[in-house]
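K.L.:
Just dropping this structure here.
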Amino acid sequence: MANENNKKQPSGPIAITGELTIYTALELKDTLLDGLAASEELELDLSGVGEFDAAGLQLLVMVKQQATVLGKILRFTGHSPVVLELLDLSGLAGFFGDPLLIVKPIREGKSI
Amino acid sequence: MIPDEYLQTFVVECRELLEQMEEALLIVEQAAEDPEIINAIFRAAHTIKGSAGMFGIDHIVVFTHAAESVLDRVRSGDLAMNSILAALFIEAHDHLKELIGHVAEGNQPPEETDNHGKRLIMQLEAYLHGTAAEQPGDSSEMPTVQHAKLEREQSDTVVSSELWHLSLRFGPEVFRNGMDPFSFVRCLSSLGSIEELVTIIDAIPPAEQMDPETCYLGFEISFNSEADKLAIDNIFNFVRSDCFIRILPPHSKASEYQRLIQELPEQEMRLGEILVKCGTLTPEELDNILRIQSEHGDNPQRPIGEVLVEQQLVSPPVIEAALKKQQQVKDNKKSEASLIRVDAEKLDELINLVGELIIAGAGTNLIARRAGMADLMESTATLSRLVEEVRDSALALRMVQIGATFNRFTRVVRDVSKELGKNIDLIISGADTELDKTVVEKIGDPLTHLVRNSMDHGIESAELRISRGKPAKGVLKLNAYHDAGSIVIEVSDDGGGLNKDKILGKAIERGLVSEGAALTDKEIYNLIFEAGFSTADTVSNLSGRGVGMDVVKRNIQALRGTVDLNSIEGQGSTIRIRLPLTLAIIDGFIVGVGNAAYVIPLDMVVECVELRAWASNEDDGQYLNLRGEVLPYRRLRDHFAVEGDMVQRENVVVVRYGERKAGLVVDKLMGEFQTVIKPLSKLFKSEKSIGGFTILGSGEVALIVDVPGLMEQIEHDREVAEMTIVAAAK
């Protein structure tokens, strides 16, 4: 697992690669919240996520909620197959409101 | 830091689980898949992962996680378990065992092991991303439920939905226990189809307070399935303890939904919306339920089976099957609960105390006899009988069946035959023979060596076997039985047997025997137990380095056992290990020599005769003619250099050990005595003819004669004497 965090460009996407699971949740929480704090508009690239579990999902929900609280824009892009599968299973795709299966996001959807 | 005792328990448990896993894997590798066995493997992996997670032993968690994921797919029917996969899992099992070994020793695994683990994880993960081999035909196997007209109490309204409703709120520890809530959802889809699933994220706290390793999730699921409630319920067995789980069957009463809504932590309206969204309730039904909120559904609780039958949702036979299964589960739990893990040291302490009790009892008995009080003698007799029983059951606590040790060799035989490219069957008999736990623990290594040796050198290659007119498949037998107070373990093969000339040649070459010495077949065969002896032409990975057989012999002798070998050339060989049943207490036979008392293990005593009646020729003082049998004898008085006057009537105690007999000449026969063996200090280690000492009821010390050691010494002395005679003659 490796996180490429481009802090010099505040709007640059954060790519999560490898595991987004209980094993990495603790680390990623800080990475994601730092990323969110650093910019007004954050994009999380999920294309490199190889493993995704409920802890990972829960983490994304938390970040999304935090973004809403802070009035910032958070987008998830490039959902890898494992992410898509779990989003579909959990029925939370609507909550995130991101366009799925599309590499380049057009606009942030509305969350409940 | 984890307290050592917990870690110890962890290691012990893991080892047990690994043993079960290995056993199951070996079965799976041989035969077609059985869901029960796959489940057993999964459970083992799962539990290890869970407890390793609790201790924060990350590398084990990561590794077991990979294995578990694959197993999960096998379990859900996505993957077929075949011999290749089973072999991979056996390798994974070995790796895990090594990791646990490192945990037990308190060190980190070396890099090499790490890399091996990573390679295995990669291999395992390859299975994860592979395409689904086959979808399970589960739904067809599920008991079919007849939809019938529903007759119910009029007072309670019934919801119209045809779907099950499941409310799940996972406990905070679920992630840390190594479980993923979605795996249950996936499991659920094997029983039917999930119509609608709403993930409850309301419990996730704001960013600052959220612990990413705590589970805040819940599910509301409407589920279309013809499975019975038990089957659905069983899915959640692993998380039942710390999770909120409610399962409502189709057409449940409105009041039950009402209770559910009350029990759930979320707000009523939100829940109601979710239930409507799930398609479980129609908006009207929800309205009704919320309106009758105040009225409590106070129906008496009845077994779910009864309710189901009454509602004509499930047919009685289905219930019966379910109940039977439940009973089985209960029975299993019962047998699990009747086992207690006891520290071996406590057991030793108990046995030691029982030993003291025996000594005290014997003392009382002696005093009673001296005082001639009949009443007291009677009561001490009862007492000693009871103490004897206590002793037996205390010793039985330490007794374990040798089967578990034997079963381990299934694996050894499998591995070694693969390595050697030979086809070998293992036949185990006498697995229920019991012996002392200490002995069992210590016999493993020597046995492994013997088994490997038999497979490597004993059993020939398939071609050679066929040319010798034997079946291509070799047979290795492990057998155990009780015999004359000892346990005998046999390792036999149907291989080529030992080559006498070759052994003799080698022995002469190594200077172990002098040329021209007349040796019996047996003596020749047993030469292979001498140090530095190997007849293998090539040194293989397994054996043939010339170390080994002598180590085997030493190990067995350290357990007060013996080992010998029989062989028929071309037909195979049998190695027989003879071990004492226990190391702590024996039935002894007390004899007196001069003023001292000696104890001879009763198991070895054959009979007692008067010396003069049989030894007609006193001159040579070495042999007596016992009913036509030549019996060597030895005066204990001479042997232990006891001073004092000779008695008129000397007695001979005839002892037998294995196939050898000898006579021990003593002054007095004093009868049976339960003997607690106390070890002698290291100072007396070189004295082979004494095995320990004990304290008699009178408080006197008696030495315990080590019969095998004494016999050896007699023989050795005789050899020396003969050599001197030969030398003198020259």
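The values are calculated or read from the model by the stated rules, or taken from the named source; none is laboratory data. Keep in mind the model is a prediction, meaning the values are calculated, not measured. Positions of Cβ are backbone-derived with ideal geometry, glycine not excepted, and every protein chain shown enters the neighbour counts. Calculation scope for accessible area: heavy atoms of the full protein, side chains included, ligands and nucleic acids excluded. Shrake-Rupley method; radii C 1.70, N 1.55, O 1.52, S 1.80 Å.
K.L.:
Between their Cα atoms, which of B:Lys477/B:Lys553; B:Lys502/B:Lys685; B:Lys661/B:Lys688; B:Lys442/B:Lys506 are more than 26 Å away from each other?
P.N.:
Over 26 Å Cα-Cα: B:Lys502/B:Lys685; B:Lys442/B:Lys506.
K.L.:
Ok, one more. Rounded to the nearest 0.05, what FRET efficiency do B:Arg660 and B:Ser241 give with R0 = 51 Å and r taken as the Cβ-Cβ distance? Could you check?
P.N.:
0.25
K.L.:
Let me ask you something else. Evaluate peptide B:214-221: per residue, the Cβ atoms of other protein chains within 10 Å of its Cβ; return the mean as an integer.
P.N.:
3
K.L.:
Using a 1.4 angstrom probe and counting only protein chains, how large is the accessible area of B:Glu530 in Å², to 10?
P.N.:
70 Å²
K.L.:
Further question on the same structure: Using a 1.4 Å probe and ignoring any ligands, DNA or RNA, find the accessible area of B:Val701 and quote it in Å² to the nearest 10.
P.N.:
90 Å²
K.L.:
Can you find, among B:Tyr657, B:Val676, B:Phe693, the residue sitting farthest towards the positive end of the charge dipole of the stretch B:648-705, where Lys and Arg contribute +1 and Asp and Glu -1 at Cβ?
P.N.:
Final value for the positive-end residue is B:Tyr657.
K.L.:
From the phi angles alone, apply the Karplus equation (6.51, -1.76, 1.60; θ = phi - 60°) to the stretch B:407-416 and give each ³J(HN,Hα) in whole Hz, x where the residue is Gly or Pro.
P.N.:
3J(HN,Hα) across the stretch B:407-416, in whole Hz: 4, 4, 6, 3, 5, 4, 5, 4, 5, 5.
K.L.:
Something else: Taking 22 Å as R0, compute the FRET efficiency from the Cβ-Cβ separation of B:Asp587 and B:Met377 and round it to 0.05.
P.N.:
0.60
K.L.:
Need one value for A:45-51: mean number of C-beta atoms belonging to other chains within 10 Å of its residues' C-beta atoms.
P.N.:
Average neighbour count from other chains, rounded to a whole number: 1.
K.L.:
Under 5 Å between amide hydrogens, which residues at least 5 positions from B:Leu669 or on another chain qualify, with H placed 1.01 Å from N in the peptide plane?
P.N.:
Counting only residues 5 or more places away or on other chains, the set is B:Gly592.
K.L.:
Ignoring ligands and nucleic acids, what accessible area does A:Asp88 show with a 1.4 Å probe (Å², nearest 10)?
P.N.:
Roll a 1.4 Å probe over it and A:Asp88 shows about 120 Å².
K.L.:
Here's another thing I want to ask about it. Tell me, what is the FRET efficiency for B:Gln648 and B:Glu356 to the nearest 0.05, using R0 = 30 angstrom and their Cβ-Cβ distance as r?
P.N.:
Here the calculated transfer efficiency is 0.20.
K.L.:
Once phi is turned into θ = phi - 60°, what whole-Hz ³J(HN,Hα) does the Karplus curve with 6.51, -1.76 and 1.60 give for every residue of the stretch B:422-435, x standing for Gly and Pro?
P.N.:
10, 9, 10, 9, 10, 10, 10, 9, x, 5, 8, 5, 9, 8
K.L.:
Quick one: which residues, 5+ away or cross-chain, put their amide H under 5 Å from the amide H of B:Ile690? H built at 1.01 Å from N.
P.N.:
Answer set, sorted by chain and number: B:Asp706.
K.L.:
Please list the non-local residues whose amide H lies under 5 Å from the amide H of B:Gln674, H modeled 1.01 Å from N, same-chain partners needing a gap of 5 or more.
P.N.:
For B:Gln674, the qualifying residues are B:Gly588.
K.L.:
Still on this structure, please answer the following. Rank these by accessible area, largest first, 1.4 Å probe: B:Lys502, B:Lys118, A:Lys29.
P.N.:
B:Lys118, B:Lys502, A:Lys29
K.L.:
Mind checking Rg over Rh on the stretch B:443-537, alpha carbons, Kirkwood formula for Rh?
P.N.:
1.01
K.L.:
HN-Hα J couplings of the stretch B:231-248 from phi, Karplus 6.51/-1.76/1.60, θ = phi - 60°, integer Hz, Gly and Pro as x?
P.N.:
Running phi through 6.51 cos²θ - 1.76 cosθ + 1.60 with θ = phi - 60° gives 4, 5, 4, 4, 4, 9, 3, 6, 10, 3, 4, 10, 10, 9, 10, 10, 10, 10 Hz.
K.L.:
Ok, one more. Show B:Arg635, B:Arg408, B:Arg186 ordered by accessible area, largest first, where the area counts protein heavy atoms only and the probe is 1.4 Å.
P.N.:
Reading off the accessible areas and sorting them downward yields B:Arg408, B:Arg186, B:Arg635.
K.L.:
Shifting gears a bit: How much accessible area per residue does the stretch B:622-663 have, counting only protein heavy atoms and a probe of 1.4 Å, in square angstrom?
P.N.:
58 Å²
K.L.:
Rounded if a/c is under 1.5, else prolate if a/b is larger than b/c, else oblate: which is the stretch B:1-98, with a ≥ b ≥ c the root eigenvalues of its Cα gyration tensor?
P.N.:
prolate
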